[in-house]
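Report on the structure given below.
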Amino acid sequence: MTTPQNHSFTTQIVHADRLGGAEQGAIHKPIHTSVQYGYEKVEDLIAVFQGTAKGGFNYARQGTPTTAALEAKITQMERGYGSIVFSTGMAGICAVFLTLLKAGDHLVASQFVFGNTNSVFGTLADLGIEVTTVDVTDAANVAAALRPNTRMVFVETIANPGTQIPDLEGIGALCQQRGVLYVVDNTVASPYLFRAATVGAGLVVNSLTKSIGGQGDALGGAITDTGLYDWSGYPNIFAAYRKGDAKGWGLQQLRKKGLRDMGGTLSSHAAHQLALGAETLSLRMDRTSATALALAQWLEEHPAVSRVLYPMLPSHPQHAFARKHLKAGSWLLSFELRNPDQCLAVCNRLQLPIKATGLADTRTLIIPVAHTIFWEAGPAVRATMGIADSMIRLSVGLEEVEDLLADFEQALAGA
Ligand SMILES: *Cc1c(COP(=O)(O)O)cnc(C)c1O
């Protein structure tokens, strides 16, 4: 796909289909539903199988022209080397862990991660992959956890639900020094607010379900190779994928072992919906970030609220990093009440925020964290993740800020 790299973020995305080999003049990439891809000459089919033809499709489990167009857009947004899309963010994350790590390897991960990612760490331990979770807001904790068999460090840019931001630059420098693969889940920030390549990430994870899709109507995930990691030094690349430029080895293994074999394939229909969402990413991120900041500031002044967690508040522990590196604070905001007994009543009194799990829909979503998404984790894990019993998580939507403020005013009165 050839699109002008000198155009700015959104201009590139909305012109990508038109400029990238349009079919019949279609200015949106068509939804390709064919599972099989046939060729006039069997030599051409062989070239696709053996990877000697550039591009080319054979069986839709490994991708279609529609999913490839979405992959090109994600790569463009992250300004990376290449991307692979998956049926969900979790399918992408599992592909990274299960195809790039093996028994006897060691993974250092953030103790502040998405609950289901944390749950996968338990599965990895059962498979003989050691996992150490640390407080990644200080790179010294990561340094202390590294061992000779550490292959990978995994962090989230803005952790859900506590909004902790790792020492992203410090960890990047450490990983580069030690030849360790640095994987950054950039779901909450999105490539519009922050590019993980700027802190040295080798692989970037995006749950497309969230910021990039942004309509709450399609699941998807993506892994982007930034091109910064030297795969020639990675011990777990199979001989079959140590072919051609070493830059492509990681993605080859992820596509064959992680997508083809494990089968977490994104449908062309979902890819089309997610690609439409990507076109409005910058507009939605600007809008929801501005509303979230206004709400965070208002909540911080309210006597019933004991703590507000939002990166763009000066009270946030990593505020200095956020101000310097993030374009805005994103839609994720958590707060705690002075009186924990009021937690459920306040949620119930709110009329606009929808009591639901999930993130980055066009509507504001609200959830009491300890009672729901972190219930299974138990009190000990919640304590290490900084999750109080009264913590309420908000995913701020596109509603007008005045309407949300008025609703919070009535809901918090008397709390
Ligand atoms: C939602 C989420 C995921 C998983 O994405 P799905 O598309 O729901 O599978 C991973 N990481 C983070 C930070 C998330 O918020």
ask   = Which one of Q410, Q351 is at pLDDT 95 or above, surrounded by fewer than 16 Cβ atoms within 10 Å (Cβ to Cβ), part of a loop (DSSP other than H, G, I, E, B) and away from the ligand (no atom under 16 Å from the Cβ)?
value = Q351
task = Restricting attention to the range 142-190, report how many residues are closer than 22 Å to K102 by Cα and at pLDDT below 95.
result = 0
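Rundown of residues vs (1) without any contact (Cβ under 8 Å) to a residue 60 or more places away in the chain; (2) within 22 Å of the chain's Cα centre (by Cα), yes/no style:
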{"position": "L350", "(1), (2)": "no, no"}
{"position": "P353", "(1), (2)": "yes, no"}
{"position": "L359", "(1), (2)": "no, yes"}
{"position": "I387", "(1), (2)": "no, yes"}
message = in contact (Cβ under 8 Å) with a residue 40 or more places away in the chain and either under 28 Å from A139 (Cβ atoms) or part of a helix (DSSP H, G or I) (or both): is that true of S315 in this structure?
response = no
When residues of the range 191-207 are limited to those that are buried (at least 24 other Cβ atoms within 10 Å of the Cβ) and closer than 22 Å to L101 by Cα, the one nearest to the ligand (Cβ to nearest atom) = S207
task = With a cut-off of at least 3 residues that are within 15 Å of the ligand (Cβ to nearest atom), name the strands (runs of 3 or more DSSP E) lying wholly within the range 66-176.
result = 82-86, 150-156
message = Based on this model, can you work out whether T187 counts as assigned to a loop (DSSP other than H, G, I, E, B) and either assigned by TED's automatic domain parsing to the domain that holds A72 or touching a Phe, Trp or Tyr at 6+ places or on another chain (Cβ under 9 Å) (or both)?
response = yes
Enumeration of residues in the range 357-405 that are more than 16 Å from G115 (Cα to Cα), open to solvent by 60 Å² or more (accessible area, probe 1.4 Å) and assigned to a helix (DSSP H, G or I) = E402, D403
task = Being open to solvent by 10 Å² or more (accessible area, probe 1.4 Å) and either touching a residue at least 12 places away in the same chain (Cβ under 8 Å) or more than 14 Å from the chain's Cα centre (by Cα) (or both) narrows it down to one of L274, L254, L181, L219, so name that one.
result = L219
inquiry  = Scan the range 224-234 and tell me whether some residue there is touching a helix residue (DSSP H, G or I) at 6+ places or on another chain (Cβ under 9 Å) and within 16 Å of the ligand (Cβ to nearest atom).
reply    = yes
Candidate set from the range 60-81 (those that are more than 16 Å from the chain's Cα centre (by Cα) and hydroxyl-bearing (S, T, Y)); member that is surrounded by the fewest Cβ atoms within 10 Å (Cβ to Cβ) = Y81
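Take the residues of the range 3-33 that are among the small types (G, A, S) and surrounded by 12 or more Cβ atoms within 10 Å (Cβ to Cβ): which is modelled with the highest pLDDT?
By that ranking, first place goes to A16.
The values are calculated or read from the model by the stated rules, or taken from the named source; none is laboratory data. Everything numeric in this text was worked out from a predicted model, so none of it was measured. Backbone-built Cβ (ideal geometry, glycine too); neighbour counts: all protein chains shown. Side chains included, ligands, DNA and RNA excluded: accessible areas come from the protein's heavy atoms. Shrake-Rupley method; radii C 1.70, N 1.55, O 1.52, S 1.80 Å.
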